[in-house]
1. Using DSSP to call loops (not H, G, I, E or B), can you name the chymotrypsin sites (Phe, Trp or Tyr not before Pro) in the range 123-173 whose Cβ has at most 16 other Cβ atoms within 10 angstrom?
2. Relative contact order for the chain using alpha-carbon pairs under 8 Å, separation at least 6, rounded to a whole percent?
3. Along the positive direction of the dipole of the chain (beta-carbon charges: Lys, Arg +1; Asp, Glu -1; about the Cα centre), which of HIS95, ASN230, GLY49 reaches farthest?
4. Whole angstrom only: what separates the Cα centroid of the range 17-39 from the Cα centroid of the range 63-142?
5. Quick query: amide H of LEU11 versus all other amide H atoms, modeled in the peptide plane; which residues come in under 5 Å with a sequence gap of 5 or more or a different chain?
6. Through the Karplus equation 6.51 cos²θ - 1.76 cosθ + 1.60, θ set to phi - 60°, convert the phi angles of the range 75-82 into ³J(HN,Hα) values in whole Hz; use x for Gly and Pro.
7. Report the longest stretch of the chain that contains none of the GluC sites (Glu not before Pro) sitting in a DSSP loop with at most 15 other Cβ atoms within 10 Å.
8. Find how much the distance from GLN148 to THR214 grows on full extension, using 0.36 nm per residue of separation minus their present alpha carbon separation; answer in nm with one decimal.
Amino acid sequence: MPVYTSEALILRTYKLGEADRIVVFLTRDRGKKRGVAKGARRVRSRYVGALEPMTRADVAYYEREQRDLVRLNYVETLRSPLSGASGMSAEALGHVGYFAELIDEWAPEAHADERLYRLGSSVVDAIGGGAAVGPLSRYFEYWLLRLQGVYPSFACAACGGSTRTGATMPPREDVLLCRECAPAGGSSLSVAALQFLAGPAAQPPDRLTADSLTEQASHELETVHRRLLNLHLEKELKSARVLREMRQAR
Ligand SMILES: [Zn+2]
């Protein structure tokens, strides 16, 4: 049985039998894998604390011929999203679940994607370092959509002109139009939202603070990003719904 070692991001786990867990993880070098963690549900398991979503870890696993499930040998935490100095708010935890679910949905099985890995990894570090989760979410969605090649161009899709003074995504279309070409309705991006993408979102995410993005601009970007994500995933993510409900309950 060949054994592989790699850095990986834990995406999710689910129960297997009485004592084990299946772990879905994104390796840096060989893409997404599913593996059995023997005894992971036991109180004294060596996996305790290492299998939280978005934990960055060194992993070793065996691949068995003709089987999709690999077998985990060890998972050693390098960085946990739970390691932030002040502990973690329910809001930040909700976002960690959201990031993990988005990566899980986008990453194809066993297809290496170093850029996606680096994006996920930089977001874990930023959240552990106390970056503001709102701007961090918009950053993450923006880059995820860009890496998949589905973020619309900032040149107006109708006239080719600049959208620097504001852009609109018309209903049921995944393009951006300038102010002159935009029909009524649709989802607008203000100058502040566009400036966030061109400025703070072009920097490493650990520099994102609450001041990087106004609440209004964040809401505009969230709406446009959710439309793009739902369109390309053909569904709404469970964690995205949970986050929205948490916000409405505040
Ligand atoms: Zn135009």
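No value in this document is a laboratory result; all are computed from the given coordinates. Being a predicted model, the structure only gives us computed values, none of them experimental. For neighbour counting, all protein chains shown are included, and Cβ atoms are generated from backbone atoms with ideal geometry for every residue, glycine included.
1. Loop-located and lightly packed - PHE154.
2. 16 percent
3. Value computed over the given set: GLY49.
4. Measuring centre to centre over Cα atoms gives 14 Å.
5. VAL24, PHE25, LEU26, MET54
6. Once rounded to whole Hz, the list reads 9, 10, 4, 9, 8, 9, x, 8.
7. Longest stretch, sites excluded: 66-172.
8. 21.1 nm
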